[in-house]
Amino acid sequence: MVQGDRILVLGIGNILWADEGFGVRAVERLAEEWSFPPNVTLMDGGTQGLYLLPHLEETDVLIVVDAIDYGLAPGSRREIRDGDVPAFLGAKKMSLHQTGFQEVLASAMLLGRCPARLILFGVQPENLKDYGGGLTPTVAAQVAPTLDGIRRVLRDEFGVAGEPRTAEVTLSTAAVTRHAYESGRPSAEDACRIGDARVLAARLAG
């Protein structure tokens, strides 16, 4: 550990597809509840892919938070380190955002600018097919213990102690914070999530 290491805590994923948004929601909550010294950056990486490369190039320690298909029971958490991180991100991709982020890591390595330390906090998703849905209760229950793990690593391995936040802060615009997004979801009828019955009937008849 080098005192003053530049640390990036990066949540990646797509909040539009239920548990796919776990990484973003976890880091969003971390930012809402805790403040850290200036050498620690909390970022909603979403599905930005190669646009994240400059941020990695300026980082000594990268902590990634994401939904990962480990082939385990839904809600299972794993903490992966250093050389194993690219392998886990690339072994079984659930979506395009993981393909994109694997390319980011590969590019950083090729340029010789990959962070010296890589740590992945992942949770096994339960539902990735509910468009417009929020985190399932199984996965949402893993947000708090994941944040405990991140804070433990920051404190014990990098000497960074956070402070409970007193002022309201969010990484996202108000409309897509977790509470606003999940509580404002329209009904299945209004959202027409299963498609237009008239169109479906025509397709079946054809």
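A compact table of results
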quantity	calculated
Close pairs (7 angstrom Cβ cut-off, 6 or more residues apart or separate chains): without any contact (Cβ under 8 Å) to a residue 60 or more places away in the chain in the stretch 172-187, open to solvent by 50 Å² or more (accessible area, probe 1.4 Å) anywhere	ALA180/ALA174
Residues within the stretch 1-41 that are farther than 23 Å from PRO186 by Cβ and open to solvent by 30 Å² or more (accessible area, probe 1.4 Å), tallied	15
Among residues of the stretch 49-74, those that are open to solvent by less than 10 Å² (accessible area, probe 1.4 Å) and within 14 Å of the chain's Cα centre (by Cα), counted	8
Entirely in the stretch 108-206, the helices (runs of 4 or more DSSP H) that have 1 or more residues that are in contact with a strand residue (DSSP E or B) (Cβ under 9 Å, 6 or more places away or on another chain), modelled with pLDDT under 90 and surrounded by 11 or more Cβ atoms within 10 Å (Cβ to Cβ)	178-183, 188-191
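The values are calculated or read from the model by the stated rules, or taken from the named source; none is laboratory data. This structure is a prediction, so every number in the text was calculated from the model and none was measured. Glycine also receives a Cβ, built like all others from the backbone with ideal geometry; neighbour counts cover every protein chain displayed. Keep in mind that these areas ignore ligands, DNA and RNA; they rest on the heavy atoms of the full protein, side chains included. Shrake-Rupley method; radii C 1.70, N 1.55, O 1.52, S 1.80 Å.
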